[in-house]
Number of protein chains: 2
Amino acid sequence: MKNKIQLTVDAVVFGYESGNISVLLVRRKYKPYKDAWALPGGFVLEKENLEEAVQRELSEETGVKINYLEQLYTFGDVGRDPRCRVVSVAYFGLVKPNAFKLSASTDAKEAQWFNIQKLPKLAFDHKKILKIAIERLQSKITYEPIGFELLDKKFPFSDLEKLYTTLLNRDIDRRNFKKKITSLKVLDELDEKVSFGPGRPASLFSFNKKRYFQLKKEGIIFEI
Amino acid sequence: MKNKIQLTVDAVVFGYESGNISVLLVRRKYKPYKDAWALPGGFVLEKENLEEAVQRELSEETGVKINYLEQLYTFGDVGRDPRCRVVSVAYFGLVKPNAFKLSASTDAKEAQWFNIQKLPKLAFDHKKILKIAIERLQSKITYEPIGFELLDKKFPFSDLEKLYTTLLNRDIDRRNFKKKITSLKVLDELDEKVSFGPGRPASLFSFNKKRYFQLKKEGIIFEI
DNA sequence: TTCATATGCGTAGATATAACACAAATATAC
DNA sequence: GTATATTTGTGTTATATCTACGCATATGAA
């Protein structure tokens, strides 16, 4: 045994619904930072991979099922945990709106979605982790079609547009955006239409993941 | 003590000279993989940050001084080390040609530069780590001016061009490339000229890091 | 029936990219 | 000393992409 460093994983899970980006937080049950809000996560077991550890912790603490997960960064500064040296591998996840609702089995007091504009005080260095995760999300949606992981399977085009304006925090020209996305050939237009309130009904689209990978293999890159 | 997971750091350090990209490797002294080549690295001490650990290990094992270092990825699969569970935070570094020469103090048999086209068999999962590092290097030089970290302080423009053709493994139109770089306004043309063999002497340039950060703050982004 | 609202499609000017040709300054061979 | 090969250095044009708009269409509500 060479060292006494402890290894944990933390997950920054984003959800999106009608113009709001939220992040999943859990309330800490024990010291330190007892009762404070924190990112879901915990110690890695000796016989499980890092991703497995994240999925297990998320499932135990929140019941949320992730459909996109990638490693974000590893935070290992001395003193980030007052108890002892703890190095944490942070992950970055996205969930679709249906998983966005917390399962009834979880105590709503213990796991909750927070709008990223209205965050509570966070335990440890989780504020810093979250900040980096948001930057990653913002930059990544411009060159990888991960935005679709935040939408329903079928969605009107305006949902996609609104997602991008919200995430990138700037206006997007609807017509140019549509042209751009259309030229990437990753959307299937369905026959179905939906209508909310006044205005012309919108066609529903679905993201064609298969075609995306095919195009990617041919060197056609996604970029907004 | 919750677990027995060991934490290490590994460094993928790239050097460049006259059309050759090399990576720094060390020969292992102990089992497992005794005498095999591996990435420099080792166990993280309880009281040092991750970056400090990388710098210390690099200094101990190779004597090379790094001028650019960033975290690459954390490798934590079960079974990547036959002895026990070892999670390794890999870093990615670049050195200038002067540091490229291994210091006389180091035993050349123990630390060596290898052309990335002519690699020996590597210990552990270091081949995988190196592959990811190369991909990162290739993608990163297109949107961050890290290429300059691989060149001398003063360099002819053709050096920069050759670096890019080598790293990206494709031809670049010299005139368009020059226009692009010039428009970014991050190069200072010096009065000095150099001449190797036949051909018109070349002006020397230097990278203006200060101006780069200034432009970045104004939202002007580097992109090749 | 009129109005407000949201979707859907097209066009023109500006900007950036890609392709390409030739002049200038040196070392070397003769 | 002259011709030749070699390398650096710059400009121009066609093409593609991006940006900024205008207007028609289909609905709910007044």
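Filtered by the rule that a residue be touching a strand residue (DSSP E or B) at 6+ places or on another chain (Cβ under 8 Å), open to solvent by 30 Å² or more (accessible area, probe 1.4 Å) and within 16 Å of DNA strand C (Cβ to nearest atom), segment B:130-177 gives a lone residue, B:SER158. The single residue among A:LYS47, A:LYS65 that is more than 9 Å from chain B (Cβ to nearest Cβ) and of a type in the set (Lys, Arg) turns out to be A:LYS65. Within this structure, A:SER195 passes the test of being in contact with a Pro (Cβ under 6 Å, 6 or more places away or on another chain), more than 14 Å from every other protein chain (Cβ to nearest Cβ) and within 16 Å of DNA strand C (Cβ to nearest atom). Test B:GLU144 against the stated conditions and say whether it is modelled with pLDDT of 95 or more and more than 14 Å from DNA strand D (Cβ to nearest atom). Judged against the criteria, B:GLU144 is a match. When segment B:169-206 is filtered for residues that are among the aliphatic types (A, V, I, L, M), closer than 28 Å to B:ILE134 by Cβ and either part of a strand (DSSP E or B) or near DNA strand D (Cβ under 8 Å from one of its atoms) (or both), only B:LEU187 remains. Please work out if A:THR62 is modelled with pLDDT under 95 and touching a strand residue (DSSP E or B) at 6+ places or on another chain (Cβ under 7 Å). Yes: the conditions hold for A:THR62.
Given (1) within 23 Å of A:TYR212 (Cα to Cα); (2) not in a loop (DSSP other than H, G, I, E, B), where does A:THR166 come up short, assuming only one miss? A:THR166 satisfies every listed condition except (1). Of all residues in segment A:12-34, those that are more than 14 Å from chain B (Cβ to nearest Cβ) and closer than 28 Å to B:LYS4 by Cα total 11.
The values are calculated or read from the model by the stated rules, or taken from the named source; none is laboratory data. These numbers come from a predicted model, not from an experiment. As a convention, Cβ positions derive from the backbone with ideal geometry for all residues, glycine included, and neighbour counts pool all protein chains shown. The protein model used for the area step is the full one, side chains on, heavy atoms only, and it has no ligands, DNA or RNA in it. Shrake-Rupley method; radii C 1.70, N 1.55, O 1.52, S 1.80 Å.
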